[in-house]
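Only one structure is covered here, and it is reproduced in the block below.
Since every read-out is calculated from the coordinates, none of them should be taken as a lab result. Fair warning: this is a prediction, and the values are worked out from it, not measured in the lab. Because the Cβ atoms are built from the backbone with ideal geometry, glycine has one as well, and the counts that use them run over all protein chains shown.
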There are 2 protein chains.
Amino acid sequence: MALLDIAEVAERSGLAPSALRYYERRGLIASEGRNGLRRTFGSEVLVRLSLVACARASGFTLAEIARFVTATPDDTELRVHLAAKAEQLDAEIDRLTRMRASLRHAAVCTRSPLVECPEFKQAISDAPAA
Amino acid sequence: MALLDIAEVAERSGLAPSALRYYERRGLIASEGRNGLRRTFGSEVLVRLSLVACARASGFTLAEIARFVTATPDDTELRVHLAAKAEQLDAEIDRLTRMRASLRHAAVCTRSPLVECPEFKQAISDAPAA
DNA sequence: CCTTGACTTGAACCTCGCTTCAAGTCGAAG
DNA sequence: CTTCGACTTGAAGCGAGGTTCAAGTCAAGG
């Protein structure tokens, strides 16, 4: 099993070396050891980084992700947090779906200014919490 | 038509006065005039702030929002941008939907650590761009 | 008129997620 | 052995989205 150095991990993950060091500092990833001063990583770090990317894209902060990657099944507090986060994602999916509809309308609308269009406003404001 | 002062707008919008001043500076909102030095706003600023909140929650930057709130139908470049943004929202909705499924699974999973669960990984990695 | 509360301003500050910089280290290759 | 490229470190910096602070202003009320 070949260890990867930071440049390789960076190349294959699409992240900057500086970001990898930052992530290590924040506890999201860990190197396996050192070759001199240089970090060496197992190939599973790539899977970890893929998860990090996905979570970030879903609105998790790095602190949340760091918390999550070390989680074990008996971590009840985290489970509650995850369930709550899933609820948040429900709301966000709703919101994005509506905003997408508004944007699609705005892309063809003839009203001036666009944001005063009743149809646009309607799509935006179909919110339970107005 | 009663003009609102910044404290009232802040109260009713849930934003800090400092945020309102910041938004004004960035061109997202405008006061109607001044009472002495104090800003006075028309009640339609509340609708505007609602739109701003919605757009922010959908991933727009303040610069994008400022651009958008002044848009007119002949603004072709912006229309292209809006259509592209709607596509982005498509992808993001997909992503969030998958992440939500992963979180729901993680909330009940018995695997340790949670992120090594194959089912979890599967839900995350059902990505066209892995 | 005076007082006062809440505004104003501009600049410095904060968090987050990074990046850049300067000075130093060191393994690998020749 | 020397050289050198790419790493290391810690600190300072960046942009985004704000917040806080200190000093000043002023309308409204008494």
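For the reader, a short list of remarks on this structure follows.
- Shielding of peptide A:80-89 by partners, expressed as the average count of other chain Cβ atoms within 10 Å per residue Cβ, is 5.
- Backbone HN-Hα couplings from phi across the range A:27-37 [Karplus 6.51/-1.76/1.60, Hz, Gly and Pro as x]: x, 7, 9, 9, 7, 8, x, 9, 10, x, 8
- Label-point spacing at A:Ser43 relative to the other copies reads 6.6 nm, in ascending order, each point sitting 7 Å out from Cα along Cα→Cβ.
- By definition, a body whose alpha carbon gyration tensor gives a ≥ b ≥ c is oblate when a/c is 1.5 or more and a/b is not larger than b/c, and the range B:11-130 fits this oblate description.
- Computed about its Cα centre, the charge dipole of the protein assembly as shown is approximately 560 debye, with only Lys, Arg, Asp and Glu carrying charge at their Cβ.
- Other-chain or far-sequence residues with amide H under 5 Å of B:Thr40's (modelled H): B:Glu32, B:Gly33, B:Arg34, B:Asn35
- In sequence order, the range A:93-110 has phi-based couplings of 4, 3, 4, 5, 4, 5, 5, 4, 4, 5, 5, 5, 5, 4, 5, 10, 6, 10 Hz under the Karplus curve 6.51 cos²θ - 1.76 cosθ + 1.60, θ = phi - 60°, and Gly or Pro positions carry x.
- Backbone amide hydrogens, once placed in the peptide plane, bring A:Ala107 within less than 5 Å of nothing, excluding anything fewer than 5 places away on its chain.
- Dipole of the protein assembly as shown, positive end: most advanced residue of B:Ser31, A:Thr97, A:Asn35 [Cβ charges, Cα centre]: A:Asn35
- Note: relative contact order over chain B, using C-alpha pairs below 8 Å and six or more positions apart, is 17 percent.
- Using only side-chain charges placed at the Cβ, +1 for Lys and Arg and -1 for Asp and Glu, the dipole size of the range B:76-125 relative to its Cα centre rounds to 180 debye.
- Charging the Cβ of each Asp and Glu at -1 and of each Lys and Arg at +1, and nothing else, the dipole of chain B about its Cα centre rounds to 400 debye.
- Each other copy holds its own label point for B:Tyr22; taking that point as 7 Å from Cα along Cα to Cβ, the gaps run 1.9 nm, nearest first.
- Across the range B:2-13, computed HN-Hα scalar couplings (Karplus, 6.51 cos²θ - 1.76 cosθ + 1.60, θ = phi - 60°) run 7, 7, 9, 8, 4, 5, 5, 4, 4, 4, 7, 9 Hz from first to last residue, x flagging Gly and Pro.
- Closest approach of a chain A beta carbon to the axis mapping chain A onto chain B (residue, whole Å): A:Ile93, 3.
- Other-copy label distances relative to A:Asp94, 7 angstrom Cα-Cβ extension, nm: 2.5
- Considering every alpha-carbon pair of the range A:76-125, the percent of pairs per 10 Å bin, from zero through the bin containing the longest distance, is 25, 34, 19, 14, 7, 0.
- Counting only lysines at least 8 places from B:Lys121 when in the same chain, those with an alpha carbon closer than 18 Å to its own are A:Lys85.
- Order by protection proxy (mean Cβ within 10 Å, highest first), peptides A:75-87, A:93-105: A:93-105, A:75-87
- Shielding of peptide A:115-123 by partners, expressed as the average count of other chain Cβ atoms within 10 Å per residue Cβ, is 2.
- Remark: mean inter-chain Cβ contacts per residue of A:50-62 equal 4, using a 10 Å Cβ-Cβ cutoff to other protein chain atoms.
- Most mobile listed residue (B:Ala107, B:Ala63, B:Ala53) in chain B, GNM with C-alpha springs under 10 Å: B:Ala107
- Between A:Val47, A:Ala7, A:Phe60, the Cα set farthest toward the positive side of the dipole of the range A:4-69 (charges on each charged residue's Cβ, about the Cα centre) is that of A:Phe60.
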